[in-house]
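These notes concern the structure reproduced below.
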Amino acid sequence: MKIVYNNDIETQLIVEFVPHFVAELPYSKFQGKDSQISMCNTTVYVGTKGIKDSDGWRQLGFTLVQYLREQKAKTVSMVLPDKCRQFIEGMYLGAYTFDKYKSKNEPVKLKRIIIRGNHKIVAELNAAKIYIDAQNMVRDWVNTSPEDANSSTIRDAVCKSFEDTNVQVEVFNSQYLAGFGMNGHLAVNRASRHEAMTIKLTYNPGGSYHVCLIGKGLTYDSGGLSIKPGSSMTTMKADKAGAMTVWGIVKAAEELQLNVKITAYLCLAENMIDGSAYKPDDVITMKNGKTVHVKNTDAEGRIVLFDNICLAQELDEDADEFYTLATLTGAAVYQFGNEAAGMVGFNDNMKRKIKKFGDKAGEVFMDAAFHKYMMDGVDDSLADLSNTGTSNMGCQKAGLFLTNAVKKKNKQKYLHLDIAGPAFVEKEFGTNVSGGTGFAVRTFLEYLKKIGT
Ligand code: BES
Ligand code: ZN
Ligand code: ZN
């Protein structure tokens, strides 16, 4: 589906936004309430009464496109309301489909939406497209099967996506990782046919603020020897969502030419089983010298991220903020549901900021706070740390484990985001269709745009 600006072309249907009752609709119950949509002849009436914020417009764009698709509309035109960037975002999000694995593609019915009115709207149109192209790219990769999305295919696609841009791509293959002493990352990947890899992206337009993003990229998580039950395994292609998300964020930031330095780490591995697999009872010496007792090989994401947090602090000493984005725990899904992510860290200001920009983006972040009795929750009697720990607060505990990789001077600069719930959903919610959602792309773009304009 294309959304273009044009004042001249004739279309099959015309959309009108109305904040009140419409008498023309015969015997109509149309009150103009938001998300109420009704068609009369060739006009589609869209209620806007009660829309409170820009996310309401985003939601309405999503609902409208779904409606138009159900009506089998082909070409539609509309004059847009004020908050149009978010509304256009919603329409792009609603038009998303993933049919890579269908042998017969459905013919595209809704071909074109024509935006009429003031030419100034074109800038909004372009910005919305950049935001959502990035988010939909993340959705595509999260939805792609683990055979097709492995560390090499991802590496090739990442390199290609930044050709002819000023984003620098560095690939640290397993030899590099060994040289860096990243024994945790390597151990998790040991039973995989695919190579362990960290891809570093640097977008440096000269801005004075530097944000570092570190994404969990488990191209598949079988659980390893502590194998997952079959039913929990079928969505584990989505365990790479954190890495795909940080890629999408850099992609859009570059296209928008935001004036903020961003570095991103895509931490790629696959948690599999063969004779060389890492084992419960192994003790691993991590990049910063701390030792980890492996109690459960399914708690692999924190091991991979731990080493990469160490690496990022070494290579990006000047970063002002560090974030990890990860589908890290099933516990986060229980605690916050599929609609919200958990935030773990020591700096309440960072949490407030992400929550605020999340609200703007229509994405929910909730505080997963520590309490004083859980601070020894990942201590171990055999080694320095245990990868499962003792407390029941699974999301916090995984975050607490990660903070052991954070240097003292950076503790206030670090925030962990557990996106296990909203990164991949079976049931549609908000502006998400089922499958990969691209959650957190919009929140970070809102935030980075604020710093970098
Ligand atoms: N990738 C999973 C977490 C996950 C679960 C993401 C459900 C999305 C949906 C992670 O690696 C994992 O398996 N964590 C374990 C840790 C446990 C063994 C301490 C979990 O949460 O069950
Ligand atoms: Zn796991
Ligand atoms: Zn995992």
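Would you be able to say whether some residue in the stretch 254-271 is within 29 Å of Q412 (Cα to Cα), within 12 Å of ligand 2 (Cβ to nearest atom) and touching a strand residue (DSSP E or B) at 6+ places or on another chain (Cβ under 7 Å)? Yes: the stretch 254-271 contains one or more residues that are within 29 Å of Q412 (Cα to Cα), within 12 Å of ligand 2 (Cβ to nearest atom) and touching a strand residue (DSSP E or B) at 6+ places or on another chain (Cβ under 7 Å). Note on the stretch 281-319: residues that are without any contact (Cβ under 8 Å) to a residue 40 or more places away in the chain and within 24 Å of S381 (Cβ to Cβ) total 2. Only a single item in (1) surrounded by fewer than 19 Cβ atoms within 10 Å (Cβ to Cβ); (2) part of a loop (DSSP other than H, G, I, E, B) is not met by G438, and it is number (1). Number of residues in the stretch 108-128 that are outside any loop (DSSP other than H, G, I, E, B), surrounded by 13 or more Cβ atoms within 10 Å (Cβ to Cβ) and of a type outside the set (K, R) equals 9. The strands (runs of 3 or more DSSP E) located wholly in the stretch 7-107 include none with 3 or more residues which are in contact with a Pro (Cβ under 9 Å, 6 or more places away or on another chain) and surrounded by fewer than 16 Cβ atoms within 10 Å (Cβ to Cβ). Checked against the criteria, D316 counts as surrounded by fewer than 22 Cβ atoms within 10 Å (Cβ to Cβ), modelled with pLDDT of 95 or more and in contact with a strand residue (DSSP E or B) (Cβ under 8 Å, 6 or more places away or on another chain).
Among the numbered conditions (1) within 16 Å of ligand 2 (Cβ to nearest atom); (2) farther than 16 Å from L213 by Cβ, the only one that V283 does not meet is (1). Kindly establish whether L415 is more than 16 Å from ligand 3 (Cβ to nearest atom) and assigned to a strand (DSSP E or B). Spelling it out, L415 is indeed more than 16 Å from ligand 3 (Cβ to nearest atom) and assigned to a strand (DSSP E or B). Within the option set K104, K100, being touching a helix residue (DSSP H, G or I) at 6+ places or on another chain (Cβ under 8 Å) and without any contact (Cβ under 8 Å) to a residue 60 or more places away in the chain holds for one residue only, K100. Scanning the stretch 290-337 for residues that are within 9 Å of ligand 1 (Cβ to nearest atom) and in contact with a Pro (Cβ under 8 Å, 6 or more places away or on another chain) returns K295, N296, T297.
For the stretch 286-301, a residue qualifies if it is in contact with a Gly (Cβ under 7 Å, 6 or more places away or on another chain) and either under 30 Å from H210 (Cβ atoms) or more than 13 Å from ligand 2 (Cβ to nearest atom) (or both), and the qualifying residues are M286, K287, V292, E300. Every test in (1) more than 16 Å from ligand 3 (Cβ to nearest atom); (2) out of contact with any strand residue (DSSP E or B) (no Cβ under 9 Å at 6 or more places or on another chain) is passed by R190 save one, and that test is (1).
Considering the stretch 259-287, and only residues there that are crowded, with 19+ Cβ neighbours inside 10 Å and not hydrophobic (A, V, I, L, M, F, W, C), the residue that is nearest to P229 (Cα to Cα) turns out to be N271. Among the residues of this structure, K351 counts as one that is more than 16 Å from ligand 3 (Cβ to nearest atom) and among the basic types (K, R).
Scanning the stretch 359-414 for residues that are buried (at least 16 other Cβ atoms within 10 Å of the Cβ), over 20 Å from N288 (Cβ atoms) and among the aliphatic types (A, V, I, L, M) yields A361, V364, M366, A368, M374, M393. Of all residues in the stretch 227-243, those that are within 11 Å of ligand 3 (Cβ to nearest atom) have Cβ atoms under 6 Å from Cβ atoms of residues that are among the aromatic types (F, W, Y), 6 or more apart or on another chain, in T235/F424; M236/Y220; A238/F424. Remark: A157 falls outside the filter, which requires a residue to be closer than 25 Å to G435 by Cβ, buried (at least 24 other Cβ atoms within 10 Å of the Cβ) and not charged (D, E, K, R). Counting only residues that are over 18 Å from the mean Cα position of the chain (by Cα) and part of a strand (DSSP E or B), the stretch 322-345 holds 1 of them.
The values are calculated or read from the model by the stated rules, or taken from the named source; none is laboratory data. This one's a predicted model, so the numbers in the text were calculated from it and none came from an experiment. No Cβ is skipped: glycine too gets one built from the backbone with ideal geometry, and neighbour counts run over all protein chains shown.
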